[in-house]
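The values are calculated or read from the model by the stated rules, or taken from the named source; none is laboratory data. From a predicted model like this one, the values you see are computed outputs, not experimental measurements. So basically every Cβ, Gly included, is an ideal-geometry build from the backbone, and we count neighbours across all protein chains shown.
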Amino acid sequence: MSARAGLGQLTLFLCIVAAVVGPTLRAPARGIASWVVAGDLAQPRAYASALALPTGEIFVFGGLDEQDPSVVSTITELIDPVTGDARTLAQRLPGRLHHTMTLGWSDRLVVAGGVEWYGGGFHSTDRVDVYLPYQHDWVRAAPLIQARSDHGAAALPGGLVLVTGGNFNTRPLASSEIYDPRTDSWRMAASLPHPRIRFSIAALPDGRVLVAGGLSQLGIPLATSVIYEPALDRWVPGPDLSVARVQHAIVTLPRGDVLFIGGQSGASNTAERFDVARGVFTYAGALVRPRLVQQAAVLPDGRVLITGGSLELPDRTNWVPVADAEIWSPLTNTWSVFASPALTRALGDLVASGDSLYLVGGIGDGLAARQAIERLVLP
């Protein structure tokens, strides 16, 4: 099996054909910000994961480059937010996609599960590695009890890490497990009420964990949510989203609410917010342009920026990556056009570090993996 064929199997509803870029939205005449190319990753990466570390560095792991003989990247990179330069760690790990990265006890970054490429195909793995940000070093950790990919992970009180749902190869999972970084051990936790794949997960301010959207075990987009209560080790029903969402973006807002943005089909043109205090989803405005698999992050002033993604058109059978950006104001609960990055980009990461935001990885036209790093310069 070729890497391109493997990529097609990994991505639901995706046909491997050249992408067509839609018309570009114009930013306001007096833009409040601009984008600059900050540098390049060591190699192009689609489906990479990026995360801001307590050190201020931006950590980049995993991802796929069809032109690389290894298919999945084995290189870990650190972006210096001061210089914008990326450097690689000498230590290499097996490359992975569809894993999770969660900060746990003592700022340890727990990278769990995902799929590895070998034998001409992708296979779910139970591998877990822990990155030590201040030592710039990896430690091999105890494996997952259940190998899985396309799962969710969230930090629990006390530095524990919850991992739940996902796939074991092609079998959907409901099982959950908890990792204790202090003892390097896993234990089983209460299972989800039903198997769920590619959902959104967020730790709430009171220690509970919200799981919403995604796909059912039959591949049907979901509008339901469930909430994990760690003190009682149980899942309880949560409120329904206004529409089933998959391939969407989420961010956690400064006061702990969670914003769900866009997604596939009927979800592509709206956003909604999980109101933690009231335990309900509320309308959060209509997007200027319908989209899915976009990048999203919270600005220092509390507004939410989304960039790129793929247009969601009625006859879409492939990704249609764009560069257009939009911004959400919590004061007006509306979306408006924002200064756009230079490159079309979908399935990348938008990471805030200090007063800057960085666009990392993703795919552009023709499914080509992106290498360039873009930085948002605020006035």
Any chance Gly263 is at positive phi and in a loop (DSSP other than H, G, I, E, B): yes
In region 320-379, the residues that are at positive phi and in contact with a Ser or Thr (Cβ under 7 Å, 6 or more places away or on another chain): none
Residue in region 326-339 that is surrounded by 21 or more Cβ atoms within 10 Å (Cβ to Cβ), at pLDDT 95 or above and assigned to a loop (DSSP other than H, G, I, E, B) present: no
Test set (1) part of a loop (DSSP other than H, G, I, E, B); (2) touching a residue at least 60 places away in the same chain (Cβ under 8 Å); (3) within 30 Å of Gly364 (Cβ to Cβ) - Leu93 fails condition number: (2)
Residues of region 169-206 that turn out to be out of contact with any Gly (no Cβ under 6 Å at 6 or more places or on another chain), of a type in the set (D, E, K, R) and within 22 Å of Thr252 (Cβ to Cβ), as a count: 1
Residues located in region 216-257, provided they are of a type in the set (S, T, N, Q) and assigned to a loop (DSSP other than H, G, I, E, B): Ser216, Gln217, Thr224, Ser242, Gln247
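Are any of the residues in region 303-316 closer than 27 Å to Gly266 by Cα and of a type in the set (Asp, Glu)? Outline the logic, then answer.
First, pick out the residues of region 303-316 that are closer than 27 Å to Gly266 by Cα: 303-316.
If we keep only those that are of a type in the set (Asp, Glu) as well, we get 312, 315.
For region 303-316, residues closer than 27 Å to Gly266 by Cα and of a type in the set (Asp, Glu): present.
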Residues of region 45-74 that turn out to be under 16 Å from Gly362 (Cα atoms) and not in a strand (DSSP E or B), as a count: 10
Which listed residue, of Val110, Val130, Val163, is assigned to a strand (DSSP E or B) and in contact with an Asp or Glu (Cβ under 7 Å, 6 or more places away or on another chain): Val163
Every residue from region 225-242 that is more than 21 Å from the chain's Cα centre (by Cα), closer than 15 Å to Val276 by Cβ and crowded, with 19+ Cβ neighbours inside 10 Å: Gly238
Cβ pairs under 8 Å, 6+ apart, first in region 331-345 and closer than 19 Å to Ala271 by Cβ, second aromatic (Phe, Trp, Tyr) and not in a loop (DSSP other than H, G, I, E, B): Asn333/Tyr283; Thr334/Trp328; Trp335/Trp328; Ser340/Trp35
Members of region 209-224 that are touching a Pro at 6+ places or on another chain (Cβ under 8 Å) and either among the small types (Gly, Ala, Ser) or surrounded by 21 or more Cβ atoms within 10 Å (Cβ to Cβ) (or both): Val209, Gly213, Gly214, Leu215, Ser216
Members of region 166-208 that are surrounded by 17 or more Cβ atoms within 10 Å (Cβ to Cβ), touching a Phe, Trp or Tyr at 6+ places or on another chain (Cβ under 7 Å) and either closer than 20 Å to Phe281 by Cβ or at pLDDT below 95 (or both): Leu192, Ser200, Arg208
Matching residues in region 340-358 - criterion: being among the small types (Gly, Ala, Ser) and assigned to a loop (DSSP other than H, G, I, E, B): Ser340, Ala342, Gly348, Gly354
Number of positions in region 49-83 that are at pLDDT below 90, surrounded by fewer than 18 Cβ atoms within 10 Å (Cβ to Cβ) and not polar (S, T, N, Q): 3
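Do you know which of the residues in region 304-321 that are of a type in the set (Val, Ile, Thr) and buried (at least 22 other Cβ atoms within 10 Å of the Cβ) is farthest from Arg291 (Cα to Cα)?
Ranking the candidates gives Val304 first.
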Enumeration of residues in region 171-207 that are within 22 Å of the chain's Cα centre (by Cα), touching a residue at least 12 places away in the same chain (Cβ under 8 Å) and part of a strand (DSSP E or B): Pro172, Ser176, Glu177, Ile178, Tyr179, Ile197, Ser200, Ile201, Ala202, Ala203
